[in-house]
Each structure stands twice: as structure tokens, then as C-alpha cells.
Amino acid sequence: MKKSVVFLTVLIGLSLFPVTGCRRNTAGGYQQVERSEFLMGTLVTIKLFAEEVDSGNRATDRALERIREIEGLMSTSLENSEVGGINRHAGKKAVAVSEDTFRVIKKGLYYGGLSEGLFDITVGPLVSLWGIGTESARVPESAELEGVLGLVDYRNVDLNGDTMEVFLKEPGMALDLGGIAKGYAADEVKKILVSEGIKYAIINLGGNIITIGPRYDGTPWNIGIKDPKDPTGSLLGVIRVTDGTVVTSGDYERYFEEGEKCYHHILDPHTGYPGQGEVRGVTIITGSSFDADALSTTVFLMGLERGMELIEGLDGVEAIVVTRYRQVVTSSGVGDSFSILKGDYNKRNGSLNGD
């Protein structure tokens, strides 16, 4: 059995994010500070330009500490996390949580309704059963899937906004916020950096990219989107972003092989299996990483036509969808901000009826 983890590649100008400590760069009169740390199950990299190194270091320290705090609240693998407590008390009693955890769960339930259950934060039992991304990854038996599918239903989560309590109605239910918590953390990091006076920065939470302003020279940040068909990690195209977020979900990001078939990590709560269809990757471009995180998964599972219809109905949200037939379909507002680097892909702008 082969397991592979792939993360979205990010282009800064013409150079990839290096894994480094702090360093000086006086170009443009700004000092460059760059730090990387493994948090929330992924590599987090913060790169910013500050007037002074000390202020850049202080901002970075605060940002990384905030990510650690969110991880401690929402991780399913940490015994004392708030999400762990909610799951342990499923079917028994409501659990009081922090404002952070409550907000993320509430947003997750919103997207559950918007997607008619395709995005479902109660997918925890399915995630545990498949074990994708772990050494115990396997294809469950049909009877096993049938046994847990009844536990996956976002409508069986009760929230009490007055007491900040969360209750899972059925024993055995389990929340998994992996499809939305990184987006929340990215937005929180941006708030901290802005509060510290940072005007130019890019944050990468394992493929959840969020930027502050343009680059220090006034040019947009160049975010590379991986070619799903190339295992070497080459880029299909580049999206240019200023003060926004770019989040990608794809069937090539995390998967395992069994019996000469690949099984990826984006599970369909309706079937219990990894989502199947023509879509291979979805990139969302908008202002909130919190929303983009959920939307990338939602559009992937909805499929091309329904997913793009959803995106076109949302203000300030754009999408780039890559299909298994080497088509790249962009929402109507993407325009010239996205460029394809490979000639064997066919780009369709906005309309789903074009060639």
C-alpha cells in the first residue's frame, strides 16, 4: 500500500517557500521575516515584510501562538481539546466551549445546510474508519460504512448560543473540523499581523494561503496551482492575488492506494466513500479563508455544474475547477488574474457551455 501527502505549491515571485528561520532583506526598505512550524497537522509558513526585524518577529510569534491555541481547542487527536470533549460526551450531555470553537462549529453547520450535507463536520466516524493520512489507512467493508453513516448528520448538532454549549444528539457521533479550522486560523493570523502594523505578508497553512496587501514592491502575490495529473508536483497555472485568500482542495493532496486504485481524503458523507466525479481540484479565491476552506470541499463534492452555480451566486467569491479531462473552468470574475502554464489544458471562462 502506498500513501502520499501532497500540499499546494506556492510561488512567491519565482521562488518557492523555503523552510527557514528569520532573515533580513532590506530590499525596498523593509526587513523580511520568515518562519515555518508544523502545526494543525501541516507545515505553516509565515513570510512578512516589516519596518524592523523585532516588530516582524513579535508579530510572527503572536501569530504562531494563536495557531497553537486554535489547534489545542479543535484538534481531534489531542485528548484535552474542546472538540475531543464534545465527541466523548456525544449522546450524553452538552459541552461548554470557547467562542473560537463555537464560531467554527456554527460556520460548519451553515455550510452543511448550504451544501445539503455534502460538507458535514460530523464526518468524524467516517474519517476514523478510513484512516487516510495514517499508517492504518484501508478500505472499510460495506457493513462498517453502513454502521457509521447514520452517525454523520450535521442536523444532529445542537448549539446554544447563550451558554456556548454544543451537543451531539447521538452516541458515537464525532466532529471533525479539519475541513474548516485551518481557514479560521489563517484569518486569525491575518488579524494579528495587521494589528501589529504589518502591511505585506503571505501565510501558508498547508495549502490555505492568505495574503496581506500586495508584495512590498506593489506587485501581486503569485500563487501556484498544482497539476493534479503530475505526481512530480509541477504547476498547472498561477493565480495573482492582492490582499485575499486562495484555498485548494483536490483528490491528489492526500490519498492511499489499494488494489491498484487510489482513495483520496475528501469523503462524501452521503455515500461514505471518497467523492467521485469529473472534478480533480477546486481553488477558491475570496477574502475569507474561513469560508474558502469550506467552499473548496463543498464545490469538489457538488461537482462542476452545481459547484460553479453555487459560486456564481456568492458575492466576492471566485473559483477555478480542474477536471479529470484536462479542462480548467473559471468563474466569471477570475478574468486575467489566472494564467495556465501548460498547453495541454483547455481553459473555459465562466460559462459551463463553452468548448
**Fill in**
Output ordering of 201-210, 324-333 (per-residue mean of other Cβ within 10 Å, highest first) is 201-210, 324-333
**Asked** For the chain, modelled as a Gaussian network with Cα springs under 10 Å, which listed residue fluctuates most, D100, D158, D336?
**Response** D336
**Request:** Could you give me the percent of Cα pairs per 5 Å distance bin for region 243-355, shortest bin first, beginning at zero and ending with the bin that holds the maximum distance?
**Result:** 2, 12, 23, 25, 19, 12, 6, 2, 0
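With respect to the cross-link table entries K47/K226; K182/K342; K229/K261; K106/K191, which display a Cα-Cα separation exceeding 18 Å? Provide the component values of the computation, followed by the final result.
On the way: K47/K226 21 Å; K182/K342 30 Å; K229/K261 15 Å; K106/K191 20 Å.
Violating the 18 Å Cα-Cα cut-off are K47/K226; K182/K342; K106/K191.
Which helices pass in the chain if a helix is a full DSSP H run, must span at least 27 angstrom along its long axis by Cα, and must have mean Kyte-Doolittle hydropathy not below -1.0?
Details: long enough: 53-74 (32 Å, -0.68).
Flagged H segments are 53-74.
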**Asked** P(r) of the chain in 10 Å steps, Cα pairs, percent per bin?
**Response** 5, 25, 33, 25, 10, 1, 0
**Residues N156 and E69, FRET efficiency given R0 of 35 Å [Cβ-Cβ distance, rounded to 0.05]** = 0.80
**Exposed GluC sites (Glu not before Pro) absent - longest run of the chain, DSSP non-H/G/I/E/B, at most 15 other C-beta within 10 Å** = 142-259
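Every number here is computed from the coordinates shown, using simple stated rules; none is lab data. Predicted model only: the values in this text are computed from it and were never measured. All Cβ positions, glycine included, derive from the backbone under ideal geometry; neighbour counts span all protein chains shown.
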